[in-house]
Amino acid sequence: MRRYWELGELKIFCGNSNPVLSSKISEILQIPLGKIKVGRFADGEIDVKILENVRGADCYIIQSTCSPVNENLMELLVMIDAFKRASAGRIIAVMPYFGYARADRKAEPRVPISAKLVANLLTVAGADRVITIDLHAPQIQGFFDIPVDNLYARPVFLEYINGMDLSNAVVVSPDIGSVDRARSFAKRLDLGLVIVDKRRPKPNMAEVFNIIGKVEGMDCLIFDDMIDTAGTLTSVCDAIKKAGAKKITAFATHGVFSRDAIDKINNSDISEVVVTDTIPFDYSKSSKIKAITVAKLLAESIKRNHLRESISQLFD
């Protein structure tokens, strides 16, 4: 029986956004990272050159569009174009973190739908498929005219939570938009669900108005898709702490950690913040923040996609 990478050319490349995660995926698949130069011209323009033959191969480009967002997004677009012009068989953009996802609708007049624009850019550049993790809004998949595999970090978190004492725990949804995610965790952990009614008067600012459910004397597990400035997280933490919550543990797929997010977390009553490594971060900045890897999840998804096997079965 032939090994899966012998069934056809499978090549993995990465940009500059997350080389550590890319190396982990490469190691799990036992496929070396492809040779590519992603540099800059003297004026800052992106310079890409593929240093090996990719004709007819399935090429997976691993690149999170995290900070610096525009640099990393442009890198990905230029790399995709290079692979298209090098006659790659299929070009799959593996985006552990999909940036611009929060602008997914016209929430007010005269604003863009940036997530749709990014979807168009990736498609026009030449991507045949996108693999990502925990899109901020699931409907973004509908913005694409190419297939999108939206993976869930849930199995990775559940494996971590498996070693925790949940005898006095409850799941907390930090806002109405996260209820489905929180309910999914609550169901699988056989725990109660608490919902925080939050308002956002302006971007990156949150105000808590009401807590639906009981948190007094409970260990609270907060689940969200991302932590940006940590305004929502810390305001929710303050509110449930005042309501009598004991230990507070937060889980988020994407640790964006913009502005003074680390200071807010360090000065809060949160015991631990668990994020995945979709976005690189210097975890020495906070003893409260812990990272778990999604390398195995992404590697298995790449393998299954290459073999034309079901990816959804990973989450059954």
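Could you tell me how many of the residues in region 226-238 are in a strand (DSSP E or B) and either crowded, with 21+ Cβ neighbours inside 10 Å or of a type in the set (Phe, Trp, Tyr) (or both)? Spell out how you get there, then give the answer.
Filtering region 226-238 for residues in a strand (DSSP E or B) gives 226-227.
Applying the additional criterion that residues be either crowded, with 21+ Cβ neighbours inside 10 Å or of a type in the set (Phe, Trp, Tyr) (or both) yields 227.
Looking only at that region, the number is 1.
Within region 144-187, if we keep just the residues that are under 16 Å from Thr253 (Cβ atoms) and among the polar types (S, T, N, Q), the residue that is nearest to the chain's Cα centre (by Cα) turns out to be Asn150. Is region 52-73 home to any residue that is of a type in the set (Gly, Ala, Ser), closer than 21 Å to Leu21 by Cα, crowded, with 24+ Cβ neighbours inside 10 Å and in contact (Cβ under 8 Å) with a residue 12 or more places away in the chain? Yes, region 52-73 contains a residue that is of a type in the set (Gly, Ala, Ser), closer than 21 Å to Leu21 by Cα, crowded, with 24+ Cβ neighbours inside 10 Å and in contact (Cβ under 8 Å) with a residue 12 or more places away in the chain.
Counting only residues that are assigned to a helix (DSSP H, G or I), within 18 Å of the chain's Cα centre (by Cα), more than 21 Å from Val179 (Cα to Cα) and of a type in the set (A, V, I, L, M), region 109-143 holds 4 of them. Restricting Ile195, Ile265, Ile211 to residues that are of a type in the set (A, V, I, L, M), outside the structural domain of Ser64 (by TED's automatic domain parsing), at pLDDT 95 or above and not in a loop (DSSP other than H, G, I, E, B) narrows the list to Ile265.
Here Ser26 clears all of (1) assigned to a helix (DSSP H, G or I); (2) more than 30 Å from Ser114 (Cβ to Cβ); (3) of a type outside the set (D, E, K, R); (4) in contact with a Lys or Arg (Cβ under 9 Å, 6 or more places away or on another chain) except the condition numbered (4). Against the numbered list (1) on the phi < 0 side of the Ramachandran plot; (2) touching a helix residue (DSSP H, G or I) at 6+ places or on another chain (Cβ under 6 Å), Ala153 comes up short only at (2).
Name every residue in region 39-51 that is surrounded by fewer than 16 Cβ atoms within 10 Å (Cβ to Cβ) and of a type outside the set (Phe, Trp, Tyr), in order of residue number.
Gly39, Arg40, Ala42, Asp43, Gly44, Glu45, Asp47, Lys49, Leu51
Just name the residue that is surrounded by the most Cβ atoms within 10 Å (Cβ to Cβ) out of those in region 275-316 that are out of contact with any strand residue (DSSP E or B) (no Cβ under 8 Å at 6 or more places or on another chain) and not in a helix (DSSP H, G or I). Across region 275-316, the extreme among qualifying residues is Pro280. Any residue in region 131-141 that is surrounded by 15 or more Cβ atoms within 10 Å (Cβ to Cβ), modelled with pLDDT under 95, closer than 30 Å to Ile270 by Cα and assigned by TED's automatic domain parsing to the domain that holds Ile212? For region 131-141, residues surrounded by 15 or more Cβ atoms within 10 Å (Cβ to Cβ), modelled with pLDDT under 95, closer than 30 Å to Ile270 by Cα and assigned by TED's automatic domain parsing to the domain that holds Ile212: absent.
Considering Lys35, Lys24, the condition of being touching a Leu at 6+ places or on another chain (Cβ under 6 Å) and at pLDDT 95 or above is satisfied by Lys35 alone. Considering the conditions (1) in contact (Cβ under 8 Å) with a residue 40 or more places away in the chain; (2) assigned by TED's automatic domain parsing to the domain that holds Val194, Asn162 is excluded by exactly one of them, (1). Taking the condition assigned to a loop (DSSP other than H, G, I, E, B), under 17 Å from the mean Cα position of the chain (by Cα) and small (Gly, Ala, Ser), does Ser17 pass? Yes.
The values are calculated or read from the model by the stated rules, or taken from the named source; none is laboratory data. Just so it is clear, the model here is predicted, and its values are computed rather than measured. Note that each Cβ is placed from the backbone with ideal geometry, even for glycine, and that neighbours are counted across all protein chains shown.
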